[in-house]
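A quick write-up on the structure given underneath.
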Amino acid sequence: MPDPDEEHHRNDHTYGDDGPRDGGLHGATPLQAMTPAGARLVRLAERHAAEAAREAERHDREGRYVEAGMQAMRDSGFLGGCAPPRFGGIGARSLHDLMVAVSRLARGCASTAICAHMHLTGVWRRTALWEAAAGNGAPDAGEHAELLRLLASGDLLAAGAAGEPGGVWCAPFTEAVPVTGGYLVTGAKTFVTNAEAADTISVTVRVPGRDGVYRHGVAEVVPGQPGVTVGTGFDALGMRGSGSQDLRLEGCFVPERRLTLGDPVGVPTAEELTHTATANFALAGVGLGIAESARALAVEHARTARRPPAPGALAEQPAVHQEVAEMDIGLLAMRGALSHAGRAMDETIGDGTRIPAPAAIWALTADWQSAKLLVNRTAAEITRRAMAVCGGRAFLARSPLARLYRDVTAGTFMQPLAALDAAPFIGRVGLGLDPFGAEREALAALGRTPGRGAP
C-alpha cells in the first residue's frame, strides 16, 4: 500500500491535465526535495505546517513561544531529521532540501519555521563535527556522538546566539577568558531564537590568546546555570512566537571540552564563511513560505469574494489578474534563486566536512546572499500585493495577512548579511575584487594578521 503522506505530497505538487493538483493556491511548480531523505523531511514539514497554522494567530497575538508545535516536531522526529539514522535521525544532509522543508513549515507559521531551523542546523553542524572527528580518530568523536543522540531524539533543544547589540556578525564582543579547566564567558546576545525553551545554547565568543590575538570560539552554555540569564517577554513587530529573547552571560563557566576554538578574529576565513552558510542558508526558505501562504490567501479570497457592482467573483477582474501574475512571477524568481543557491551549496560544501578554497566560498556566499536578498524583497512585495487583493480586511490586526506582512519584514534584519551589508559584498565579488579588502587593509595597518582566508 502506498504511503499516504507520500501520495499526498506527490498529488499536492504535480501537474494534472487541468493544472497543479493543489488548485494552484501556492502557485505552480513549488520546490521539491532532491533526495529521498529530504523528501521525507519535507513531508513531515507539510504535516507540521498544517498543525502550526491553527495556532499561529494566537501565538502572534499573545507573543507566546510555539512550545506545543516544537514538542510535536520532537515527537515526530522532524527536529532530528538532519542526523544520521544510526542516531535516530532521517539522514537529510542536503542543504537544498533543508531549505525546502523550512519553506513548507513557514507556510503554516513563520515563527515555528525559524525555531525549527535553529535546531535543525544545530543537528546538521553537529553531524559534520562528528563525521570529521570520527574520520580522523579524534578523541572528541564520542562527545559529539553523545550530543548528537540527544539532539536527534529531541531530549535536547538547541539554540544559537551570535547577534549582539551594536555588533557585527563576524566579530563578537562576548569574551571567553581561559581559566583552569575551561573558560569564563561574559557578554550579551540578542534575538536568540528558542532561547526561552532551549536546553543548550551555542554562543559565539572571542577568546584572548597569550600572543594578544583573539580567536573565534563557540561555547556551549546551559540556561539556568550560574551566570546565564535568559530574557523574558519577546515583544517584536513580527516572529512573535519565536521566543527570540536576549541572553546575558556574566562569568559563566564553560568546561574546556564544551568550547570549540576557530580562526583568529579578523577577516572572515573560508572556514568561517562555510560554517556561516550551512547555519543560515536554509533560513531564506522562510520568506518563500510566507510569500506562498500570502498568495494562497489572496487566491482563495479572489475566488469567492465579490465586489459590486461588478458581476461575478473578484477573480474575474483584470486588476486581480495583474496582481496574481506579479505574485507568480515573483514566486518563480524566488524559487529559481533559492534552488540554484541550494544546489550550489550541496555541490560546493557537501556534508560540511570539507572547506572550499576562498575564491569558491566567496562566489558561493555571493550566490546565496543574492538569493536571500531577492527573497527578502520579493516576499514583502508579494505579501503587499496579496493584501491589495484582499482589501481593507487585510489591514486588521487579526488578519493572517497582517501577521505575514509583519513576519516577512524580519528577513531584512537577519545576519548574515543584513540589507546594508549584502549588496557591497555581492558587488565586490561580481567585480572580481576581494570582498574583505578594506578590512584586510585596516588590519594590516594595525600590524595584525588578516587571517587565513586570503588566497
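The values are calculated or read from the model by the stated rules, or taken from the named source; none is laboratory data. Worth saying up front: this structure is predicted, and the values here are computed from it rather than measured. Note: ideal-geometry Cβ built from the backbone for every residue, glycine included; neighbour counts use all protein chains shown. Accessible surface areas use protein heavy atoms only, side chains included; no ligands, DNA or RNA. Shrake-Rupley method; radii C 1.70, N 1.55, O 1.52, S 1.80 Å.
If you line up the Cα atoms of region 105-179 on their principal axes, what length do they span on each, largest first, in Å?
Extents along the principal axes: 40, 35, 19 Å.
Please give, to one decimal in nm, the separation of the simple spin-label points placed at Ala28 and Leu433, each 7 Å out from Cα toward the Cβ.
4.1
Per the Debye formula with a single identical scatterer at each Cα and no solvent contribution, what log10 I(q)/I(0) holds for region 321-455 at q = 0.16 Å⁻¹?
Rounded to two decimals, the profile gives -0.92.
With a 1.4 Å probe and all protein chains left in place, how much accessible area per residue does the chain have, in Å²? Please report the intermediate quantities before stating the final value.
Numbers: 19970 Å² over 455 residues.
It amounts to 44 Å² per residue over the chain.
Return the inverse of the average 1/r over all pairs of distinct C-alpha atoms in region 82-207, which is the Kirkwood hydrodynamic radius, in Å to one decimal. Walk me through the numbers on the way to the answer.
Numbers: mean 1/r = 0.0627 Å⁻¹.
About 16.0 Å for region 82-207.
Once the Cβ-Cβ distance between Val213 and Ala68 is put in as r, and R0 is 60 Å, what FRET efficiency do you end up with, to the nearest 0.05?
Values: r = 47 Å, r/R0 = 0.78.
For R0 = 60 Å, the calculated efficiency reads 0.80.
Along the positive direction of the dipole of the chain (beta-carbon charges: Lys, Arg +1; Asp, Glu -1; about the Cα centre), which of Trp169, Ala359, Ala277 reaches farthest?
Result: Trp169.
Counting alpha carbon pairs within less than 8 Å and at least 6 residues apart, what relative contact order, in whole percent, applies to region 298-378?
Numbers: 47 pairs, mean separation 19.7, N = 81.
Across region 298-378, relative contact order equals 24 percent.
Under the Kirkwood approximation for Rh and a Cα-based Rg, what ratio Rg/Rh is obtained for region 154-284?
Working: Rg = 14.5 Å, Rh = 15.1 Å.
Rounded to two decimals, Rg over Rh is 0.96.
Leaving ligands, DNA and RNA out of it, report the carbon-plus-sulfur percent of the accessible area of region 237-362 at a 1.4 Å probe. Show your work: numbers first, answer last.
Values: 2850 of 5130 Å².
C and S fraction of accessible area: 56 percent.
Distances longer than 14 Å among the Cα atoms of region 207-271: what percent of all pairs is that?
On the way: 1442 of 2080 pairs.
Above the 14 Å cut-off, region 207-271 has 69 percent of its Cα pairs.
Please report, ordered by residue number, every helix of the chain (full DSSP H runs) that is 20 Å or longer along its axis going by C-alpha atoms and whose mean Kyte-Doolittle hydropathy reaches -1.0.
95-108, 110-136, 285-304, 318-349, 358-390
Taking the convex hull of the Cα atoms, report for the chain its projected area averaged over all directions, in nm².
Working: hull surface 93.0 nm².
One quarter of the hull surface, i.e. the mean projection, equals 23.2 nm².
So what is the 222 nm mean residue ellipticity for the chain from helices alone, if each DSSP H run of at least 4 adds -39500 (n - 2.57) and you divide by all residues, rounding to the nearest 500 deg cm²/dmol?
On the way: 13 runs with 226 residues, N = 455.
Calculated mean residue ellipticity at 222 nm is -16500 deg cm²/dmol.
Can you give the convex hull volume per residue for the Cα atoms of region 229-370, as a whole number of Å³?
Numbers: hull volume 25.6 nm³, N = 142.
In region 229-370, the Cα convex hull volume per residue is 181 Å³.
When the expected Rg is taken as 2.2 N^0.38 Å, what fraction or multiple of it is the alpha-carbon Rg of region 306-373?
Details: Rg = 20.3 Å, N = 68, 2.2 N^0.38 = 10.9 Å.
The reported ratio for this selection is 1.85.
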